[in-house]
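Here is the structure we will look at, set down as structure tokens.
The values are calculated or read from the model by the stated rules, or taken from the named source; none is laboratory data. This one's a predicted model, so the numbers in the text were calculated from it and none came from an experiment. Here the Cβ positions follow ideal geometry from the backbone for every residue, glycine too, while neighbour counts run over all protein chains shown. We work out accessible area using only protein heavy atoms, side chains counted, and drop any ligands, DNA or RNA first. Shrake-Rupley method; radii C 1.70, N 1.55, O 1.52, S 1.80 Å.
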Amino acid sequence: MKMKILTISLFFFLISASASFLEASNNGYGGSIYEENEETQIRRSDFPSGFLFGTATSAYQVEGAYLDDGKSFSNWDAFCHSGGCEENGDIADDHYHMFLVSWLITVYLSISLTFIISLSFFEVLTFVIQKDIELMHFLGIQTYRFSISWARILPRGRFGEVNPAGIMFYSKIIDNLILKDLPQELEDRYGSWLNPEKQEEFIYFAEICFKSFGDQVKYWITINEPKLYAELAYELGIFPPSRCSEPFGNCLDGNSDVEPIIAMHNMLLAHGRASKLYHEYFQPKQGGSIGVTVHSCMYEPLTDSELDHQAAKRAFAFHSGWALDPSIFGGYPEELKKYLGHELPSFSPDEKSLMKNSIDFIGINHYSTSYVKDCTNSNCSATGNHAIEGFVEMVGERDGMLIGELTGQHGSYVVPRGMEEIVNLIKTRYNNTPMFITENGYSSPDVHEQRVSELTNDVKRIEYHSKYLASLAKSIRDGADVRGYFAWSFLDSYEWTNGYNTRYGLYYVDRQTLTRTPKLSVTWYKNFLADKTGLDDN
């Protein structure tokens, strides 16, 4: 019996900050475009031919096998093992072993009749189908976005050898790859992104990836959510290397007003240099594209005042614009220059040339919308009154009314109109550069109080995706050049400092047995991808 292997479109994400943490940190401004309460019947045929649909995961959140097959201790391993996390990703969803076993058995089933005979047919079939690659095939996705662990490919960075086991693993699973965890040795050696030398490590890593996977990968993302990573790691100190200062957090060392700026500058230059390397030496023969992804919540002014309207624009500049303006225009947004002053590094003429038009597409991770309040002329919280925050504060309600229904992620609300608003904003500001919605998803609230039957009967998740997709389809009809959509996430997984209690997955994962159980949203998404509506179509 020959088993069909999943066909994939290839995205490769080199470095990722967070994947679905703090989904209230981008900007936007404007009124209601999409009516949340209207009935939604969205179909695959409402999107252009060739539009890519998929799901997403990231390495540390699902792989496990944290020291298997030559992988080194990563920064997240060190952070969690030293007490920075209540739970860790040592096992996670055990995706590393699940995928390898599935792949090996698929190969055996394809070439060895003897192997099939040695086991009961139904025993083999059940075993294979339970593995993750077969679940993806069952779902019918065109693309699968997952992470690559730097520590699994280059356990010691430039100072050691390439790990062949890591290369083999990702060669089998390539589609949409995100890097989250990096070798702890580089964290210790450089202080992570505070040292310009880290750029050299990143370029070396990028070159290895271009050489190893470039014939298969047609879309590359150099840096995923750089501003959010800088905020969580160097401003709030809740991600490794856990650096911050008061009033943002209580860390052993750091400067929340300065270090995020330095880290961002080094990440952006690393992105620019990796893009130049790809454009000059790999793109001509490999024919792919390269981009950057930003965490893009939509921001709306809290009031109709001009100050709050300006605050919403400023919030966008301080989040998405911080990475996108240099990558397209070659320089930082004017709002950053005005409020960060001499703390903001400048790009040299050569660096401006390096950065300008360094992306072929924009990745948008969008979950939520927030109201924005001006802090230049208003009394705000201790953190909102800082330049590093752009002198703005995010607010979830106005006149006693929430902006949208709460989700299981703190500060994240269901506001479908925000999808159309953020896409149109980015379309206008960046000359309709091609876009991909690289993350969008719903986390179930009150997980502790819910039984498995309630978690798998995820009607709210279906409603969320349906309404956000309908909002996205409207922006595309109005001319936005959006080319793909990735549902976060394929599996319930490790959600960083939230541990395993924030669940975004289409598949439920039992924490004791690691068994995958399809939620109702699997049936919905499978039918959607087949251009059917509802849950009962065959």
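For the range 455-462, the condition of being among the β-branched types (Val, Ile, Thr) and either at positive phi or open to solvent by less than 10 Å² (accessible area, probe 1.4 Å) (or both) holds for none of the residues.
Answer with yes or no whether Gln286 is in contact with a strand residue (DSSP E or B) (Cβ under 8 Å, 6 or more places away or on another chain) and more than 21 Å from Asn432 (Cβ to Cβ). Spelling it out, it is not the case that Gln286 is in contact with a strand residue (DSSP E or B) (Cβ under 8 Å, 6 or more places away or on another chain) and more than 21 Å from Asn432 (Cβ to Cβ). Residues in the range 242-290 that are more than 30 Å from Gly83 (Cα to Cα), within 24 Å of the chain's Cα centre (by Cα) and of a type in the set (A, V, I, L, M, F, W, C): Leu268, Leu269, Ala270, Ala274, Leu277, Ile290.
Just one of (1) under 13 Å from Glu420 (Cα atoms); (2) in contact with a Leu (Cβ under 8 Å, 6 or more places away or on another chain) fails for Val459. It is (1). Residues in the range 47-100 that are in contact with a Gly (Cβ under 6 Å, 6 or more places away or on another chain) and either small (Gly, Ala, Ser) or assigned to a helix (DSSP H, G or I) (or both): Tyr60, Ala92, Tyr96.
Select from the range 388-413 the residues that are touching a Pro at 6+ places or on another chain (Cβ under 7 Å) and surrounded by 21 or more Cβ atoms within 10 Å (Cβ to Cβ) and list them in ascending order. The answer is Ile388, Thr407. Within the range 348-362, being of a type outside the set (D, E, K, R) and either free of Cβ contacts under 8 Å to residues at least 24 places away in the same chain or assigned to a strand (DSSP E or B) (or both) holds for Ser348, Pro349, Ser353, Phe361, Ile362. If the condition is being touching a Lys or Arg at 6+ places or on another chain (Cβ under 9 Å) and either over 18 Å from Asn431 (Cβ atoms) or open to solvent by 50 Å² or more (accessible area, probe 1.4 Å) (or both), then the range 347-371 contributes Leu354, Thr369, Tyr371.
Cβ-Cβ contacts under 6 Å between residues 6 or more apart (or on different chains), taken from a first residue in the range 508-524 that is hydroxyl-bearing (Ser, Thr, Tyr) to a second residue that is open to solvent by 60 Å² or more (accessible area, probe 1.4 Å), are listed as Thr523/Leu535. Looking only at the range 107-128, decide whether some residue is among the hydrophobic types (A, V, I, L, M, F, W, C), part of a loop (DSSP other than H, G, I, E, B), open to solvent by 20 Å² or more (accessible area, probe 1.4 Å) and modelled with pLDDT under 75. Looking for residues that are among the hydrophobic types (A, V, I, L, M, F, W, C), part of a loop (DSSP other than H, G, I, E, B), open to solvent by 20 Å² or more (accessible area, probe 1.4 Å) and modelled with pLDDT under 75, one finds at least one in the range 107-128, hence yes.
Going by the conditions given, is Pro416 surrounded by fewer than 18 Cβ atoms within 10 Å (Cβ to Cβ), within 30 Å of Tyr219 (Cβ to Cβ) and within 20 Å of the chain's Cα centre (by Cα)? In short, no.
Only one of the listed residues (Asp325, Asp308, Asp304) is of a type outside the set (Ser, Thr, Tyr), surrounded by fewer than 24 Cβ atoms within 10 Å (Cβ to Cβ), outside any helix (DSSP H, G or I) and at pLDDT 95 or above. That residue is Asp304. Of the strands (runs of 3 or more DSSP E) entirely within the range 410-527, none holds at least 3 residues that are among the hydroxyl-bearing types (Ser, Thr, Tyr) and more than 30 Å from Asp360 (Cα to Cα). All of Asp481, Asp492 fail the test of being among the acidic types (Asp, Glu) and at pLDDT below 95, apart from Asp492.
Please go through the range 282-302 and pick out each residue that is touching a residue at least 40 places away in the same chain (Cβ under 8 Å), out of contact with any Gly (no Cβ under 8 Å at 6 or more places or on another chain) and farther than 22 Å from Tyr485 by Cα. Those that are touching a residue at least 40 places away in the same chain (Cβ under 8 Å), out of contact with any Gly (no Cβ under 8 Å at 6 or more places or on another chain) and farther than 22 Å from Tyr485 by Cα: Pro301, Leu302.
Residues that are of a type in the set (D, E, K, R) and over 30 Å from Tyr371 (Cβ atoms) were ranked within the range 269-301; the one that is most open to solvent (accessible area, probe 1.4 Å) is Lys285. Checked against the criterion of being polar (S, T, N, Q), surrounded by fewer than 21 Cβ atoms within 10 Å (Cβ to Cβ) and in contact with a helix residue (DSSP H, G or I) (Cβ under 8 Å, 6 or more places away or on another chain), the candidates Ser212, Ser256 yield just one match: Ser212.
Of all residues in the range 312-323, those that are farther than 14 Å from Ile426 by Cβ have Cβ atoms under 6 Å from Cβ atoms of residues that are of a type outside the set (Val, Ile, Thr) and part of a helix (DSSP H, G or I), 6 or more apart or on another chain, in Arg314/Glu335. Under the condition of being at pLDDT 80 or above, polar (S, T, N, Q) and out of contact with any helix residue (DSSP H, G or I) (no Cβ under 7 Å at 6 or more places or on another chain), the residues counted in the range 166-208 number 1.
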